[in-house]
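Asker: I'd like to ask you about the structure that follows.
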Amino acid sequence: MTDFQHQAIRLTSMQRPETWLESLRTKAADDWLAQPWPTRKTEHWKYTPLQNLQKTILHAWGREEVPLLDTLLENNLAPLNAYRLIFIDGVFDPFNSSKLPAEVVQFSKANEDQQAVVLKYLGTIIEGERHLFATLSNAWLDDGVLIHVPRNQKLDKPVYIVNVSTAAPVTTNQRVLIVLEENSSAEIVEHYFSADPVQQGFVNSLTEIHIGDNASLQHYRLNLEEEQAQHIGAVHVDLQRNARLRGFAIALGASLMRIDYQLNHRGQGGELDLQGVYVPRNNQLVDYHTNICHWVPHCRSNEAFRGIVGDSAQAIFNGRIYIHQHAQKTLAELSNKNLLTSSKAEVNTKPELEIYADDVRCAHGATVSQLNTNARYYLQSRGLSRSEAEVMLSFGFINELLEQIAQPVVHDYLQPRLAALFGRDNSLNEASSLLGDSNG
Amino acid sequence: MLRITDLFARVEEKEILKGLNLTVKPGEVHAIMGPNGAGKSTLGNVLSGREGYEVTGGKVEFNGKDLFDLEIEERAREGLFLAFQYPVEIPGVSNMEFLKAAVDAKRKHKGDSELSAVEFMKVAREASKRVSLDQAFLKRGVNEGFSGGEKKRNEIMQMMLLEPSLCILDETDSGLDIDALQVVANGVNAMRSPERSFIVVTHYQRLLDYIVPDYVHVLANGKIVKTGDKSLALELEEKGYAWLEDEAV
């Protein structure tokens, strides 16, 4: 047991949790203290050392007096026509948030029925050893967001959950629970960004998603924080019969950026697509661990992550696919492609396939490579310098995935920001749509 | 314009060009024909500077400069253009971004300012019309999912936008149906001028019905073995290459 673990539990005394969440918290606190702290020998933490985090002082929670960040929000938010929830250092900001529909509520404002939904689903996907920081999320459980869509309903607008980290030294526990009942659908965007290059806090986040029979979800998780940020987060999903998930994840690098996806096919006919992009630079680190479990037959999963790792940055990708012996007729594909743009950059990629059924179709591939020399030659033969060509190809490498983002506002928000990282501007797209409009 | 003197080149230790001589003057159209493996594509690749093609002898003078002193992109900016036999697909890089970067590189080289996005889009749309390529192709990834014909039309569109002084067409006719062939040929013919030269590398005489050459050369075993006017192409169509290959050995 480490000081960090103790410190973490001491923070709970500064919370005022709902009584109906108390038993979950208490049990999790015990579990958290009982878990061994990950070392370099711990399989899931091999390449992402937690020594720095261990030395981090866990500061108090964010305060209720929310600073005014109007301009900042204006500059950083995607212009989504959505139900918007803004959190500053983990504290809900009612002034900048929208009026919420009946389907969206904070745990602290939940009625009895909603509390029952939370108690039924919250924390049910966590496996202690694998999801240490999910256990911490439970121990720190103070409040959260419930999105509960009843059967046969479609949320009429996306839900846009924005989490801003200021320069303040604070600890944040961000919790979201999404429950889609049978035949319902929703679109949810979770967006993390920093209000200041100075980041002294630690963010622990957990989103749990239950997709009922025939229900479908589009889910986006944008980790666009500054490079001093320390964030450990996870998305846990259960898919029931004929459920559909279309997920997209993106992370810029940070001092510590570790995101776990745990996805379970629990009902036949489920389909999931998960795509991700990471672009750590300088001394940053990004670590995606994904674990897709096919527990039942006739499900499909398709996962593709791409990263560009530059300077002295480090990327870790671990993609596990587990196919239970009963999960016949599974179709599973996993691809992870990495581009190294510096000799000091590092990638550790590991696809893990565990297949116990005999009638399945699985494909996986992980590559770490340099740029395609044929493509570079083609661009140079049209007058682009070698470095221009390399930048263009690098952006193209991740833009291939950006192009597939289904939500157009999210696509139009991310693409120019990512392009800017590669020194490209957006004037052509603007001119093109301008001319397109004028031509009718 | 272009003077190739006694050019030797190899790919992976294999000598492909073995003493090739060719002079192209401004405004001329030269067709290069020859059997498979004669070195036709190697010539285009060597001239444009592709990696892996090693020049082992001879020299090439392009607009008064030693071509081999120039990087790939410098050759392009100086006015050399190679229309690829197999244009490269580059998913994720939008065709219009690529085209604008190419046009801007050329303009900067000449001391002109870059085009604004709107100016460029107008020029690009005009060019796409001239090669009957839907404007939607400007927004797609470079050659991504284009059919063979669409790729070749994209090559010709690039040629129009870059206004090179020497255009090398490397088997641009391969894989084209007759309609696409006409579009490509019309594009080339529209660009013919007293200052601009063409080297049309082809396997078949068919293309030369549309792009009428001033000279026809036969490339066999790494060098030009026969030169004539357009009637030579018809003769080759009839007799094949074997009689010339024998001469070359």
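Asker: Looking only at segment A:100-158, how many residues end up being farther than 28 Å from A:Arg258 by Cα, open to solvent by less than 40 Å² (accessible area, probe 1.4 Å) and part of a strand (DSSP E or B)?
Answerer: Final tally of qualifying residues: 1.
Asker: Sticking with this one: Could you grab me the full set of residues in segment A:388-400 that are polar (S, T, N, Q) and either open to solvent by 30 Å² or more (accessible area, probe 1.4 Å) or facing chain B (nearest Cβ under 7 Å) (or both)?
Answerer: Just the residues of segment A:388-400 that are polar (S, T, N, Q), to begin with: A:394, A:399.
Across segment A:388-400, the qualifying residue is only A:Asn399.
Yes/no matrix, rows are residues, columns are (1) within 14 Å of chain A (Cβ to nearest Cβ); (2) at pLDDT below 95; (3) over 21 Å from A:Asn426 (Cα atoms); (4) surrounded by 18 or more Cβ atoms within 10 Å (Cβ to Cβ):
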| site | (1), (2), (3), (4) |
| --- | --- |
| B:Val103 | yes, no, no, yes |
| B:Val131 | no, yes, yes, yes |
| B:Leu138 | yes, yes, no, yes |
| B:Thr172 | no, yes, yes, yes |
| B:Val184 | no, yes, yes, yes |
| B:Val188 | no, yes, yes, yes |
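Asker: Can we say B:Ile224 is open to solvent by 10 Å² or more (accessible area, probe 1.4 Å) and more than 14 Å from every other protein chain (Cβ to nearest Cβ)?
Answerer: Numbers: open to solvent by 10 Å² or more (accessible area, probe 1.4 Å): yes; more than 14 Å from every other protein chain (Cβ to nearest Cβ): yes.
In short, yes.
Asker: Taking into account only those residues within segment A:401-425 that are assigned to a helix (DSSP H, G or I) and among the small types (Gly, Ala, Ser), which is nearest to the other protein chains (Cβ to nearest Cβ)?
Answerer: Going through the qualifying residues, I end up with A:Ala419.
Asker: Can you find a residue in segment B:49-66 that is more than 19 Å from the chain's Cα centre (by Cα), within 7 Å of chain A (Cβ to nearest Cβ) and either free of Cβ contacts under 8 Å to residues at least 60 places away in the same chain or part of a strand (DSSP E or B) (or both)?
Answerer: For segment B:49-66, residues more than 19 Å from the chain's Cα centre (by Cα), within 7 Å of chain A (Cβ to nearest Cβ) and either free of Cβ contacts under 8 Å to residues at least 60 places away in the same chain or part of a strand (DSSP E or B) (or both): absent.
Asker: Now for a different question. Looking at segment B:2-15, can you tell me whether even one residue there is under 19 Å from B:Asp214 (Cβ atoms) and not in a strand (DSSP E or B)?
Answerer: no
Asker: Related question: For segment A:56-63, indicate whether the set of residues that are open to solvent by 70 Å² or more (accessible area, probe 1.4 Å), over 22 Å from A:Met257 (Cβ atoms) and out of contact with any helix residue (DSSP H, G or I) (no Cβ under 9 Å at 6 or more places or on another chain) is non-empty. Write out each step before concluding.
Answerer: Filtering segment A:56-63 for residues open to solvent by 70 Å² or more (accessible area, probe 1.4 Å) gives A:57, A:63.
Those still in the list that are over 22 Å from A:Met257 (Cβ atoms) too: A:63.
With the extra rule that they be out of contact with any helix residue (DSSP H, G or I) (no Cβ under 9 Å at 6 or more places or on another chain), the set shrinks to A:63.
Within segment A:56-63, one or more residues are open to solvent by 70 Å² or more (accessible area, probe 1.4 Å), over 22 Å from A:Met257 (Cβ atoms) and out of contact with any helix residue (DSSP H, G or I) (no Cβ under 9 Å at 6 or more places or on another chain).
Asker: Which ones in segment B:195-209 are over 13 Å from the mean Cα position of the chain (by Cα) and open to solvent by less than 70 Å² (accessible area, probe 1.4 Å)?
Answerer: From segment B:195-209, those over 13 Å from the mean Cα position of the chain (by Cα) are B:195, B:203-209; that's our starting set.
Result: B:His203, B:Gln205, B:Leu207, B:Leu208.
Asker: Kindly state which helices (runs of 4 or more DSSP H) lie completely within segment B:106-206 and contain at least 2 residues that are free of Cβ contacts under 8 Å to residues at least 24 places away in the same chain.
Answerer: Here the list reads B:117-130, B:178-191.
Each row is one residue, and each column tells you yes or no for (1) modelled with pLDDT of 95 or more; (2) not assigned by TED's automatic domain parsing to the domain that holds A:Asn138.
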| position | (1), (2) |
| --- | --- |
| A:Ala234 | yes, no |
| A:Leu245 | yes, no |
| A:Phe248 | yes, no |
| A:Gly253 | no, no |
| A:Arg258 | yes, no |
| A:Tyr261 | yes, no |
| A:Val277 | yes, yes |
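Asker: Kindly list, by first and then second residue, each pair from a residue in segment A:399-421 that is of a type in the set (A, V, I, L, M, F, W, C) and modelled with pLDDT of 95 or more to a residue that is part of a loop (DSSP other than H, G, I, E, B) and open to solvent by 40 Å² or more (accessible area, probe 1.4 Å), limited to pairs with Cβ atoms under 7 Å and residues at least 6 apart or on different chains.
Answerer: Matching pairs, first to second residue: A:Val409/A:Pro79.
Asker: Going by the structure shown, is A:His294 modelled with pLDDT of 95 or more and over 26 Å from A:Gln200 (Cβ atoms)? Don't jump to the end; show me each part of the working.
Answerer: Details: modelled with pLDDT of 95 or more: yes; over 26 Å from A:Gln200 (Cβ atoms): yes.
Yes; evaluated as a whole, the condition is true for this residue.
Asker: When residues of segment B:186-229 are filtered for being closer than 30 Å to B:Gly57 by Cα and of a type outside the set (Val, Ile, Thr), how many remain?
Answerer: 18
Asker: Here's a follow-up. Scan (1) at pLDDT 95 or above; (2) under 17 Å from the mean Cα position of the chain (by Cα) for the single condition A:Phe107 breaks and write down its number.
Answerer: With (1) at pLDDT 95 or above; (2) under 17 Å from the mean Cα position of the chain (by Cα) applied to A:Phe107, the lone miss is (2).
Asker: On to the next question. For segment B:82-89, indicate whether the set of residues that are assigned to a helix (DSSP H, G or I) and either within 10 Å of chain A (Cβ to nearest Cβ) or of a type in the set (S, T, N, Q) (or both) is non-empty.
Answerer: No, segment B:82-89 has no match at all.
Asker: Run down A:Arg16, A:Arg40 and say which single residue is in contact (Cβ under 8 Å) with a residue 12 or more places away in the chain, open to solvent by 40 Å² or more (accessible area, probe 1.4 Å) and not in a helix (DSSP H, G or I).
Answerer: Selected residue: A:Arg16, the only one of A:Arg16, A:Arg40 that is in contact (Cβ under 8 Å) with a residue 12 or more places away in the chain, open to solvent by 40 Å² or more (accessible area, probe 1.4 Å) and not in a helix (DSSP H, G or I).
Asker: Would it be correct to say that B:Glu78 is more than 9 Å from every other protein chain (Cβ to nearest Cβ), in contact with a His (Cβ under 9 Å, 6 or more places away or on another chain) and acidic (Asp, Glu)?
Answerer: Details: more than 9 Å from every other protein chain (Cβ to nearest Cβ): yes; in contact with a His (Cβ under 9 Å, 6 or more places away or on another chain): yes; acidic (Asp, Glu): yes.
In short, yes.
Asker: Answer yes or no: is there a residue in segment A:338-351 that is within 14 Å of chain B (Cβ to nearest Cβ) and within 24 Å of A:Gly247 (Cβ to Cβ).
Answerer: So far as segment A:338-351 goes, yes, one or more of its residues are within 14 Å of chain B (Cβ to nearest Cβ) and within 24 Å of A:Gly247 (Cβ to Cβ).
Asker: Condition first: touching a residue at least 60 places away in the same chain (Cβ under 8 Å) and open to solvent by 20 Å² or more (accessible area, probe 1.4 Å). Can you find one or more residues in segment A:378-387 that meet it? Working first, answer last.
Answerer: Applying the first criterion (touching a residue at least 60 places away in the same chain (Cβ under 8 Å)) to segment A:378-387 yields none.
Looking through segment A:378-387, none of the residues is touching a residue at least 60 places away in the same chain (Cβ under 8 Å) and open to solvent by 20 Å² or more (accessible area, probe 1.4 Å).
Asker: To continue, here is another question. Mind listing whichever residues of segment B:16-46 are in a strand (DSSP E or B) and farther than 23 Å from B:Leu234 by Cβ?
Answerer: B:Ile16, B:Leu17, B:Lys18, B:Gly19, B:Leu20, B:Asn21, B:Thr23
Asker: Looking at A:Gln218, A:Gln199 in this structure, which one is part of a loop (DSSP other than H, G, I, E, B), open to solvent by 10 Å² or more (accessible area, probe 1.4 Å) and of a type in the set (S, T, N, Q)?
Answerer: Exactly one of A:Gln218, A:Gln199 is part of a loop (DSSP other than H, G, I, E, B), open to solvent by 10 Å² or more (accessible area, probe 1.4 Å) and of a type in the set (S, T, N, Q), namely A:Gln199.
Asker: Turning to a different aspect of this structure: Within segment B:107-127, can one find any residue that is aromatic (Phe, Trp, Tyr) and within 14 Å of chain A (Cβ to nearest Cβ)?
Answerer: yes
Asker: Please work out which residue is nearest to A:His298 (Cα to Cα), limiting yourself to segment A:358-385 and to residues that are basic (Lys, Arg) and more than 7 Å from chain B (Cβ to nearest Cβ).
Answerer: If we take residues in segment A:358-385 being basic (Lys, Arg) and more than 7 Å from chain B (Cβ to nearest Cβ), then A:Arg361 is nearest to A:His298 (Cα to Cα).
Asker: I've got another one for you. Can you find a residue that is closer than 26 Å to A:Phe397 by Cβ, more than 9 Å from chain A (Cβ to nearest Cβ) and at pLDDT below 95 anywhere in segment B:93-101?
Answerer: Yes: segment B:93-101 contains one or more residues that are closer than 26 Å to A:Phe397 by Cβ, more than 9 Å from chain A (Cβ to nearest Cβ) and at pLDDT below 95.
Asker: Here's something else I'd like to know. Output the number of residues of segment A:144-162 satisfying the condition of being over 17 Å from A:Asn173 (Cα atoms) and touching a residue at least 40 places away in the same chain (Cβ under 8 Å). Spell out the reasoning first.
Answerer: Just the residues of segment A:144-162 that are over 17 Å from A:Asn173 (Cα atoms), to begin with: A:147-160.
Keeping just the survivors that are touching a residue at least 40 places away in the same chain (Cβ under 8 Å) gives A:147-151, A:153, A:155-160.
Result for segment A:144-162: 12.
The values are calculated or read from the model by the stated rules, or taken from the named source; none is laboratory data. For clarity, every value in this text was computed on a predicted model and none was experimentally measured. Cβ sites come from the backbone with ideal geometry, for glycine too, and all protein chains shown count toward neighbours. Just so you know, the surface numbers come from the protein's heavy atoms only, side chains and all, with ligands and any DNA or RNA stripped out. Shrake-Rupley method; radii C 1.70, N 1.55, O 1.52, S 1.80 Å.
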